[in-house]
Amino acid sequence: MNLYCYLVMPQYQIDQLEIVYFDMSNVKRVKVEVMDKRKLTDWLVPRLKKLKEALEGGKLPERIGNAGVWQCDGYCPFTKMCWPKGILKRG
Ligand code: SF4
């Protein structure tokens, strides 16, 4: 969301972001923090480095930690299907 926000920043003033998720059974609205340019860059650069490394050298990045599965934990309706034994907790 913040990357899309960044792309249109020169043309639009955006002060709030929201994801509206819907399927055949439900609609969910989730507010998303608007990152300033510095915070977005700090978040993005390490991820781009890993992606570049993986694309150029074929080396897979290390597995994500708990922060990478927040969507699965109470937000997404498919949690029981994807994580039948519970969400894997990694350090
Ligand atoms: S529960 Fe499954 S579908 Fe939902 S966000 Fe996690 S991995 Fe994706």
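Coordinate-derived values only; no laboratory data. The structure presented is a predicted model; accordingly, all values stated were derived computationally and were not measured. We place every Cβ from the backbone using ideal geometry, glycine too, and count neighbours over all the protein chains shown.
Our summary gives the chain a relative contact order of 17 percent, counting only alpha carbon pairs under 8 angstrom and 6 or more residues apart. When trypsin sites (Lys or Arg not before Pro) are flagged only if DSSP places them in a loop and at most 11 other Cβ atoms lie within 10 Å, the longest unflagged stretch of the chain comes out as 1-58. Placing one identical point scatterer on every Cα of the chain and ignoring solvent, what is log10 I(q)/I(0) from the Debye formula at q = 0.12, 0.22, 0.23 Å⁻¹? Summing over Cα pairs of the chain leads to -0.58, -1.18, -1.18. Quick one: longest stretch of the chain between exposed loop chymotrypsin sites (Phe, Trp or Tyr not before Pro), exposed meaning at most 14 other C-beta atoms within 10 Å and loop per DSSP? That would be 13-74.
For segment 1-79, state which GluC sites (Glu not before Pro) are in a DSSP loop and have at most 16 other beta carbons lying within 10 Å of their beta carbon. Let's see the in-between values first.
Details: sites: E18, E33, E53, E56, E62; in loops: E33, E62.
When the GluC sites (Glu not before Pro) of segment 1-79 are filtered for loop state and at most 16 Cβ neighbours within 10 Å, E33, E62 remain.
The distance between label points at K49 and Y12 comes to 3.2 nm (points 7 Å beyond Cα on the Cα→Cβ vector). So if R0 is 25 Å, what FRET efficiency would Y75 and M24 give, r being the distance between their Cβ atoms, rounded to the nearest 0.05? In this case the efficiency is close to 0.90. Pairs of Lys residues in the chain, spaced 8 or more positions apart or belonging to different chains, with C-alpha separations under 21 angstrom: 10 in total.
If you take all other residues with their beta carbon under 13 Å from the beta carbon of Q16, and give Lys and Arg +1 and Asp and Glu -1, the sum is -1.
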